[in-house]
Amino acid sequence: MNRAEKAALQLQAVAVLRMLKETRTYDQLAELTGLPAGDLNRYVNGHVLPGAERAREVVTGVGRDALASELRDRVEFDDGGYLDNSSVVFDQSFLDLVAPVAANSLGFERPDVVLTAATDGITLGAAMASYFDARVAYAKKSKETAVEEFIESRQRLASGIELTYYLPERALSGGERVLVVDDLIRSGETQELLLDIAIQANADVAGVFALIAVGDDGIARARERTDAPVGALSTFEA
């Protein structure tokens with residue numbers, strides 16, 4: 001870990017602690033993290049930064065659990081089983097915390113490009129790309145008028161509906177590392193199409209990440225298509 005990476009990790013840990021402190025006393029935060037309340041006070045108030053190892057423990061341990069819990073509290077299901085995660089995908093500050101937690105806990109290799117699907121995946125894609133200092137690209141269900149060359153991936157769903165995604169050909173180059181992200185993974189069909197786009201571009205897959213997994217089918221389907229890390233921040237029963 002170089003000096004810049006260490007500083008970034010330390011600042012990410014402070015951001016996680018500040019989020020947790022919004023609804024807790026220092027004694028409660030100490031009980032949650034296992035860190036002394038006095039040290040937590042100094043971290044939260046910016047007087048000192050946690051050491052690298054302590055920062056990593058905060059980000060990958062309590063940070064992941066806390067963000068997953070916060071995510072579960074924000075997500076709502078209606079009577080038909082449809083999921084509303086708008087309070088998450090519209091909160092860029094929350095997604096900015098998710099990025100380092102996901103990267104460090106799942107061990108993604110640093111990508112050159114973060115690939116997602118329009119539209120709800122764009123805010124998460126932007127957060128992940130910003131964290132990794134990577135480009136963000138998003139596939140659409142329709143072609144852009146001014147673009148001539150596309151990578152196209154299509155699949156006929158079990159319902160009989162045909163799903164097609166298009167990505168401008170120049171958005172990906174052969175040999176680039178691609179991290180596929182999306183706000184939601186249920187059946188894994190969208191992620192499979194995005195992986196197919198990466199494969200057509202001769203890119204290397206660095207991983208697949210979703211904020212929310214509904215059931216295990218989508219995660220399992222993605223793992224069948226890549227040996228790279230695959231995971232979600234929080235899983236709900238199907």
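The values are calculated or read from the model by the stated rules, or taken from the named source; none is laboratory data. Since the structure is predicted, the reported quantities are computational estimates derived from the model, not experimental observations. Every residue, glycine among them, receives a Cβ derived from its backbone with ideal geometry; neighbour counts consider all protein chains shown. Ligands, DNA and RNA are stripped out before the accessible areas are found, and what is left, the full protein with its side chains, is counted by its heavy atoms. Shrake-Rupley method; radii C 1.70, N 1.55, O 1.52, S 1.80 Å.
Figures for the structure shown
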item: Unmet requirement for Ala8, which otherwise passes all of (1) at pLDDT 95 or above; (2) part of a helix (DSSP H, G or I); (3) under 17 Å from Phe132 (Cβ atoms); result: (1)
item: Enumeration of residues in region 62-99 that are small (Gly, Ala, Ser) and within 14 Å of Ser234 (Cα to Cα); result: Gly63, Ala66, Ala68, Ser69, Ala99
item: Considering residues of region 166-181 that are open to solvent by 10 Å² or more (accessible area, probe 1.4 Å) and in a strand (DSSP E or B) only, the residue nearest to Gly121 (Cα to Cα); result: Tyr166
item: Contacts under 7 angstrom Cβ, first residue in region 213-238 being in contact (Cβ under 8 Å) with a residue 24 or more places away in the chain, partner part of a helix (DSSP H, G or I) and surrounded by fewer than 15 Cβ atoms within 10 Å (Cβ to Cβ), 6 or more apart; result: Ser234/Arg72
item: Matching residues, region 196-237, being open to solvent by less than 10 Å² (accessible area, probe 1.4 Å) and over 30 Å from Asp78 (Cβ atoms); result: Ile197, Ala198, Ala206, Gly207
item: Test result for Glu57, without any contact (Cβ under 8 Å) to a residue 60 or more places away in the chain, under 30 Å from Arg186 (Cβ atoms) and acidic (Asp, Glu); result: no
item: Every residue from region 201-222 that is part of a strand (DSSP E or B) and at negative phi; result: Asp204, Val205, Ala206, Val208, Phe209, Ala210, Leu211, Ile212, Ala213, Val214
item: Failed criterion for Ala198 (all others in (1) part of a strand (DSSP E or B); (2) small (Gly, Ala, Ser); (3) closer than 15 Å to Tyr138 by Cβ hold); result: (1)
item: Failed condition for Ala68, given (1) under 21 Å from Ile185 (Cβ atoms); (2) open to solvent by 30 Å² or more (accessible area, probe 1.4 Å); result: (2)
item: Scan of region 172-191 for residues that are within 21 Å of Pro100 (Cβ to Cβ) and of a type in the set (Asp, Glu), ordered by number; result: Asp182, Asp183
item: Flag if Gly188 is open to solvent by less than 80 Å² (accessible area, probe 1.4 Å), under 20 Å from Leu95 (Cβ atoms) and not basic (Lys, Arg); result: no
item: Residue pairs meeting the criteria (Cβ under 7 Å; at least 6 apart or on separate chains; first free of Cβ contacts under 8 Å to residues at least 12 places away in the same chain, in region 5-29; second small (Gly, Ala, Ser)); result: Asp27/Ala37
item: Selected residue (criterion: nearest to Leu195 (Cα to Cα)) from residues of region 110-126 that are crowded, with 23+ Cβ neighbours inside 10 Å and not hydroxyl-bearing (Ser, Thr, Tyr); result: Leu115
